[in-house]
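Remarks on the structure that follows.
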Amino acid sequence: MKKRILLPIFLLLITSVASKPLFAQKKLIRKLFSNSADTTRSSSFLALPVLGYAQETGVEFGAVSLYSFYTDRTDTVTRASRLTGVATFTTKSQSNFQLKSDIWSPGNNYHYTSELRYKNFPFNFYGTGNSTFQANEDRITQKLFRINSGAEKRFGKITYTGINASFESYRFIDKAAGGIYTNDPSIVDRDGGKVLFIGVSQIIDNRNSNTYTTSGSYLKLNYSYAPGLFGGDNFDGGMFKADLRSFKSFSKKLVLGVNGLYQTIGNGGTPFYLLPQMGNDEMMRGYYTGRYRDENLLALQAELRLRLNPRFGFVGFAGTGTVYGKGNFRVGDLKPSLGGGFRYFFDIEKGLSVRMDYAFGEKRPGEERQKGFYLSLGESF
């Protein structure tokens, strides 16, 4: 099990301040701890270190970063654009790179997204379905390359129509053959494969902000199709996603957010690595990503956000979700997700935060309760 040493954000900020001349210290302190927003709509940048250790990876080190800006600083309607990056390495020659962009054109008439990712890293495989066991844990080495992009155009006041394309290439090696990954006959394309998705989206979006929403709703429906270009066990079929978010303010400091997610793919014979996976730092926190995977994913969460002042806040959240095969959905299979967290807003004007969450999941018989700690940039939804 990987254990990361997450350096406290305030220790990092104090160290950064201490290394600067007095005038620069005062300026940086004002920027980081003042309760006044930057009304100039200037860009902002934050980078955090990653440091951890696990037996299978050795020492892992690197950084995560976020750069935010406006494509038109004079137009107060234009939403904040973001560039995010992750780069980590291990002493056992593993690596993880990710670059993502989320760009809003002047006036929000166009919205562009992209992702470039390379990952050479082990992960734990437990099988497929909603009732996998910790005892079946099988460590697999993965090599992943992904590139995707999307473009959406506004039609009317709050509606967008978009197109997207994504290419993914996977390779897997089971270095300890004999476990569930090798012996489970239901696993399709266990050596990996390639897939090209081409899709269309329809969005309704009247949120007052795309970074820290306090009112409004968002609904995105996406259908993507993968033609059988690569033959063999490679996927040939469709994938559908629905993402619903709604926000209501009870006061200037208290906001309730609700988020629902549904995803379905294929109709039998889908490669295991394309199956929707439950659990990450945004939805169903507390679960290891991939502990449960199947052809369908359904999840719902609510988050109560208390922003004590412009710089600091707390949240409490609760959710439920499940994965299931065709025709196998049961309410009794829904799993819980409960937790809370702390927020430090490093960019008050844009509502960008450092997010620290701790969450609990289910406790299966004979196993420890599932749980997780998350350090991320930006809100969960």
Practice problem: Provide, for q = 0.06 Å⁻¹, the log10 of I(q)/I(0) from a solvent-free Debye sum over equal Cα point scatterers in the chain. | Solution: -0.24
Exercise. Pick out, from SER249, PHE235, GLN202, the residue whose Cα sits farthest towards the positive end of the charge dipole of the stretch 163-253, with +1 on the Cβ of Lys and Arg and -1 on the Cβ of Asp and Glu.
Key: SER249
Practice problem: Pop out the ³J(HN,Hα) list for the stretch 307-323 in order, Karplus 6.51 cos²θ - 1.76 cosθ + 1.60 with θ = phi - 60°, rounded to Hz; leave Gly and Pro as x. | Solution: 9, 4, 8, x, 9, 10, x, 10, 9, x, 9, 8, x, 8, x, 7, 10
Quiz item: Can you give the angle from 0 to 90° between the axis of helix 22-33 and the longest principal axis of the chain, with both taken from C-alpha atoms, to the nearest 10?
Solution: 60 degrees
Quiz item: Lys/Arg Cβ at +1, Asp/Glu Cβ at -1, dipole of the chain taken about the Cα centre: which of GLN263, THR322, SER65 is farthest positive-ward?
Solution: SER65
Self-check item: Longest to shortest principal axis, alpha-carbon extents of the stretch 33-180, angstrom
Solution: 61, 39, 27
Quiz item: If we restrict to alpha carbons, what Rg and Dmax does the stretch 175-237 come to, in Å?
Solution: 19.5, 53
Practice problem: Just order 155-167, 293-305 by mean Cβ neighbour count inside 10 Å, highest at the front, would you? | Solution: 293-305, 155-167
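Read-outs: derived from the displayed coordinates by stated rules, not from any lab. All of these numbers come straight from a predicted model, not from anything done at the bench. Using ideal geometry, Cβ is built from the backbone for each residue, glycine included, and neighbour counts are taken over all protein chains shown.
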